[in-house]
Amino acid sequence: MSETVFDQKICIKCGVCVEVCPVGIISKPGADEYPFISAENKAKCIQCGQCEAFCPNEAVEVIGTDLFKMDIPKNQPAITAEQIKSYFPMRRSIRRYKQQPVDRKTLEQLLDVVRYAPSGINQQAIRWIVVYNKEEVRKLTSMTIDIMRQMVKDKSPMAAMMNFQNMVSAWEQGKDIVCRNAPHLVIAYGRKENRIAPVDAIIAMAHFDLAAPAFGLGSCSAGYFGIIANLSPALRQALGIPGDCVHLGTLLTGYPQYTPRRAPKRKRASITWK
């Protein structure tokens, strides 16, 4: 449960909080009154914090027992368009990792940033599992390969379509093209009945992927691992995903073995103007 508090000592009744509230529950202040949320509207608050983020006088605060802020220095310079134009093309999916483990604190800081990813109705419904131990990653990869091997044996149409035999053969030759010998896995999951969670997970994992280089890390979506996690209750159980939840995505992460030197070529954006 949260509460939105308006500090009347510093509120200037500008109405910005009213304008930015996505659910429209803040009453517009009159000449002799301050903004407020009526008793019947309090339960409609989604704790998004837009009101406190945009208030020019910092007169609004959303308070809740499960809400934790991030301390950010004030007056930080904005990221420029030129910086973004340079950074995004240089971001690469990393499939070769050093075997040096990442400090847990670093992964915690990265996921702390990712919790600010946009979320439908601000549900913040994504939960994370970090498979930190390298031996456990290897064990889960082996389990994935075993499931693929059985699907090939059973002549599963998906096994043929996704060429699972190639994954199995590579593993038997000592090559891991499922989890790429990554030292850590980061798994996103959410409740089965939450229809918004799959999209939220994609957005959150994209934020992880974009933020990782700032922490010296690389990442890559583990697509084949994710396919098997979605198919196999046994693998989900081994991951520790609760029975009422679904696997929504897995990322490989660790320190990159190689550093990109330039951006690869891409097709131009396909844009239709209306």
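Each value in this text was obtained by applying a stated rule to the coordinates, not by laboratory testing. This one's a predicted model, so the numbers in the text were calculated from it and none came from an experiment. All Cβ positions, glycine included, derive from the backbone under ideal geometry; neighbour counts span all protein chains shown.
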The chain - mean residue ellipticity at 222 nm from DSSP helices (-39,500 (n - 2.57) per run, n ≥ 4, rounded to 500):
-10000 deg cm²/dmol
When the Karplus curve 6.51 cos²θ - 1.76 cosθ + 1.60 is applied with θ = phi - 60°, which whole-Hz ³J(HN,Hα) does each residue of the range 41-47 get, with x for Gly and Pro?
9, 4, 5, 8, 5, 9, 6
Loop sites in the range 151-252: trypsin sites (Lys or Arg not before Pro), DSSP, at most 15 other Cβ within 10 Å
K155, K175, K192, R195
Coil-residue GluC sites (Glu not before Pro) of the range 33-140, DSSP, other Cβ within 10 Å capped at 14:
E33, E40, E58
Give me the extension gain from N57 to A81: residue separation times 0.36 nm, minus the current Cα-Cα distance, reported in nm with one decimal.
5.9 nm
Treating only the Cβ of Lys, Arg, Asp and Glu as charged (+1, +1, -1, -1), what charge dipole size does the range 1-153 show about its Cα centre? Round to the nearest 20 debye.
1340
With a 10 Å Cβ neighbour count serving as the proxy for reagent exposure, in which order, fewest first, do M151, M162, M90 appear?
M90, M162, M151
Could you list, by residue number, the cysteines of the chain that have no other cysteine's beta carbon within less than 4.7 Å of their beta carbon?
C11, C14, C21, C45, C48, C55, C179, C220, C245
Report the gain in length on full extension from Q99 to N122: 0.36 nm times residue separation, minus Cα-Cα distance, nm rounded to one decimal.
4.6 nm
So between Y132 and E3, what do we pick up on full extension, going 0.36 nm a residue minus the alpha carbon distance?
42.8 nm
Once you sort the root eigenvalues of the Cα gyration tensor of the chain as a ≥ b ≥ c, which label holds: rounded (a/c under 1.5), prolate (a/b larger than b/c) or oblate (the other case)?
prolate
Can you give me the convex hull volume of the Cα atoms of the range 1-118, divided per residue and expressed in Å³?
173
Final fewest-first order of H247, H207 on the 10 Å Cβ neighbour count is H207, H247
Loop sites in the range 28-83: chymotrypsin sites (Phe, Trp or Tyr not before Pro), DSSP, at most 13 other Cβ within 10 Å
F68
Cα→Cβ-extended label distance, 7 Å offset, between M70 and I12, nm
2.8
Among rounded, prolate and oblate, which fits the range 122-204 when a ≥ b ≥ c are the square roots of the eigenvalues of its C-alpha gyration tensor, a/c under 1.5 means rounded, and a/b larger than b/c means prolate?
oblate
Quick one: which residues, 5+ away or cross-chain, put their amide H under 5 Å from the amide H of C220? H built at 1.01 Å from N.
I94, L252
Quick calc: nm separation of the 7 Å Cα→Cβ label points for W273 and C245 -> 4.7
Checked the range 189-274 with the C-alpha gyration tensor, a ≥ b ≥ c its square-rooted eigenvalues, rounded below a/c of 1.5, otherwise prolate if a/b is larger than b/c and oblate if not; verdict oblate
Ranking of I94, I25 by count of other Cβ atoms within 10 Å, fewest first:
I25, I94
